[in-house]
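*Asks:* Could you have a look at this structure, given as structure tokens, before my questions?
Nothing in this text is a laboratory measurement; each read-out follows from the coordinates by a stated rule. What you see is a predicted model; the values in this text were computed from it and never measured. Note: ideal-geometry Cβ built from the backbone for every residue, glycine included; neighbour counts use all protein chains shown.
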Amino acid sequence: MSAERYLYRGVNAELYAETRGQLEPKASGRMFKRPVYYGEKVFYGDGITYGESEANAVIMHQRNSSAYPTAGVSTTPILENAKSYATHHGKYPRGYVYKIDTELLEAAGVKAYPVGDYAVQPVIAGDREVILVAESCGALPQKIIVEVIEIAT
């Protein structure tokens, strides 16, 4: 797991309202595994393996979670990056940043997947992304969130 005590997740105000403050993955309820077979957009040496695996889910999620949705929720240990994501780099006037305590993950049944442990070349290496997956493969438990910070541009 990440050496940092806290992870952050930035969302815009619309998504925050739509999910009622829950950290809901794009593919809620689906197992956190991804099959990869011949003909897909995979690159030699990027860490992808043939067949279905959690490692493939991590790599494809971090590559493009809209095109490859999973039961994971992307986070970063870098607060400033999460603030930027919350407003979509200034596109929205308001957003929210969830502060997640990594010491609460295990007891809450949340597994952490540091992208750098799976992807040979992470798409956004500077984020030091960690994908979190609830045991239920649904919304992350509220008890891991220690603070929600409102961001205004």
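*Asks:* Can you sort 94, 20, 34, 5 so the residue with the fewest Cβ neighbours within 10 Å comes first?
*Replies:* 20, 5, 94, 34
*Asks:* Using the number of other C-beta atoms within 10 angstrom as an exposure proxy, rank 15, 105 with the fewest first.
*Replies:* Details: 15 14, 105 21.
Result, fewest neighbours first: 15, 105.
*Asks:* Let me ask you something else. In Å and on Cα atoms, what radius of gyration and Dmax does the chain show?
*Replies:* Gyration radius and largest Cα-Cα distance of the chain: 15.0, 45 Å.
*Asks:* Starting with the highest mean, order 117-124, 129-136, 77-84 by the number of other Cβ atoms within 10 Å, averaged over the residues of each peptide.
*Replies:* In decreasing order of mean packing, 117-124, 129-136, 77-84 become 129-136, 77-84, 117-124.
*Asks:* In addition: Which value at 222 nm does the chain reach when only helices count, each DSSP H run of 4 or more adding -39,500 (n - 2.57), with the total divided by all residues and rounded to the nearest 500 deg cm²/dmol?
*Replies:* Working: 3 runs with 24 residues, N = 153.
Helix-only estimate at 222 nm: -4000 deg cm²/dmol.
*Asks:* A further question on this structure: Using Cα-Cα distances under 8 Å and only pairs 6 or more residues apart, what relative contact order does the chain have, in percent?
*Replies:* Relative contact order of the chain: 34 percent.
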